[in-house]
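Presented below is the structure to which this report refers.
The values are calculated or read from the model by the stated rules, or taken from the named source; none is laboratory data. Predicted model, so just to flag it, every value in this text is computed and none were measured. Reconstructed Cβ throughout: ideal geometry from the backbone, glycine too, with neighbour counts over all protein chains shown.
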Amino acid sequence: MIRLLVVFEYPTLNGGERSWLASLDDSRRAGFEVAAAAPSRGPLADELGRREVPIWPFDVFDESGGRHDLAALRDSLAQIVARHETQLLHANSLSTARLAGPVARELGVASLGHLRDILKLRAAAIADLNCHPRLLAVSQATRDFHVAQGLDAARVEVCHNGVDLEAFRPRDACGYLHEELKIPVAAPLVGSVGQVGLRKGFDVLLEAARRVLGEGAGGGSPGAAPHFLIVGARHSQKDESRQFEHDLHDAAAAPPLAGHVHFLGWRDDLPRLLPELTLLVHPARQEPLGRVLLEAAAAGCPMVAADVGGTREIFPQEAEAALLVPPDAPHELAAAITRLLRDPALRDRLAAAARRRIGDAFDHRRAAAGLIEHYRQALAAKGCGESAPR
């Protein structure tokens, strides 16, 4: 058994955490003994406990939300790596990869870092990331962006995320969201999922929704007017993030949006929730490889998405599996939403094509096999080839 330590930054269960968890069972079957360096409380810790993953408490943030000193964090991680007798270190995000790179190099531990964000980086961060012999980008777009910033191209490989096609599958809508939110049963549900922050573009969604409602896209009766659902929570404690969320609520309270926008917060029922939607809208300004797009496609949900980052890698033009629009373009987003609301046959075609596309290219078993092969290559590059599980 190879002792694998996976490093997490946040206590939440968002895309990066769920993507790694989708590979857990396959990693164990491949001969990896898995533990986590992670916050000891929160949804992630709960899920790790349920999956019987041992946790080494590792808190990047203090109780007030401030980040601990980088040197202190590296000292703490180095102690965990030594005490755990780690043979392979997997930093599951760009931030933890930067933190862990110098630690792994100094201790002589095989390592890799996961690049799940598209962010401008300073030279010091690039140098820290280049300490890893291998870096995994979740999309070609993510790889290209970071290599252009100075990451060593020879170290960076593309490793797409995958989705569980059994957990996320087409289901008949049962109407529980309509009932929960006291929405007329005839009303279409237009959902958007993600962390509440500027990059996810929920302000663009609300401007598009204002146009859609003004045009009466849902039909002639009030009961058929669409309702817009924002699923997700704000995690950033920055003033601008708080203000952004406040502005969203203010916009949603004004006509014609008033009564037609619902903030659902973080939910743990996405496999059941997505098939309830008439369509999913993803208005992101930046998206390395949107996990919710994979999940919604697997659930057979018709989609409109901003054409940014790795989104076109999920939905290439020839797949005809989603409507893609430019980012920051509420008029075009509104037109695409209206088109889908008025054309159920098109929704059905897109939903079926999206499910096929995900099944062909993004099954979680395929993604897990790719990640495990990167684990083996990272071990072999460190001279652990004979002990690497096959």
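One table, with the values for the structure above:
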quantity: Candidate set: segment 252-270, residues that are more than 17 Å from Ala225 (Cβ to Cβ) and among the hydrophobic types (A, V, I, L, M, F, W, C); chosen: the one surrounded by the most Cβ atoms within 10 Å (Cβ to Cβ); calculated: Leu270
quantity: Any strands (runs of 3 or more DSSP E) falling wholly within segment 276-366 and containing at least 3 residues that are of a type outside the set (Gly, Ala, Ser) and assigned by TED's automatic domain parsing to the domain that holds Gly214; calculated: 279-282, 323-325
quantity: Residue list for segment 199-215, restricted to those being under 18 Å from the mean Cα position of the chain (by Cα), in a helix (DSSP H, G or I) and surrounded by 24 or more Cβ atoms within 10 Å (Cβ to Cβ); calculated: Lys200, Phe202
quantity: Among residues of segment 235-249, those that are buried (at least 17 other Cβ atoms within 10 Å of the Cβ) and more than 10 Å from Leu198 (Cα to Cα), counted; calculated: 1
quantity: Selection from segment 367-383 of residues that are in a helix (DSSP H, G or I) and either without any contact (Cβ under 8 Å) to a residue 40 or more places away in the chain or more than 17 Å from Leu5 (Cα to Cα) (or both); calculated: Ala367, Ala369, Gly370, Glu373, Arg376, Ala380, Ala381
quantity: Test: Glu85 is assigned by TED's automatic domain parsing to the domain that holds Val6, exposed (fewer than 13 other Cβ atoms within 10 Å of the Cβ) and farther than 12 Å from Leu5 by Cα; calculated: no
quantity: Tabulated pairs, segment 67-86, first over 18 Å from Val109 (Cα atoms), second assigned to a helix (DSSP H, G or I) and not aliphatic (A, V, I, L, M), C-beta under 9 angstrom, 6+ apart or interchain; calculated: His68/Ser76; Leu70/Arg98
quantity: Candidates Arg347, Arg339, Arg366, filtered to the one that is in contact with a strand residue (DSSP E or B) (Cβ under 8 Å, 6 or more places away or on another chain) and surrounded by fewer than 17 Cβ atoms within 10 Å (Cβ to Cβ); calculated: Arg339
quantity: All positions within segment 39-82 that are in a helix (DSSP H, G or I), among the acidic types (Asp, Glu) and closer than 12 Å to Pro11 by Cα; calculated: Asp46, Glu47
quantity: Scan of segment 140-174 for residues that are of a type in the set (S, T, N, Q) and over 19 Å from Phe315 (Cβ atoms), ordered by number; calculated: Gln149
quantity: In segment 1-38, the residues that are part of a loop (DSSP other than H, G, I, E, B) and of a type in the set (Val, Ile, Thr); calculated: Thr12
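Per-residue answers, yes or no, for (1) out of contact with any Lys or Arg (no Cβ under 9 Å at 6 or more places or on another chain); (2) at pLDDT 95 or above; (3) farther than 15 Å from Gly259 by Cα:
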site	(1), (2), (3)
Ser192	no, yes, yes
Asp203	yes, yes, yes
Ala209	yes, yes, no
Val212	yes, yes, no
Leu229	yes, yes, no
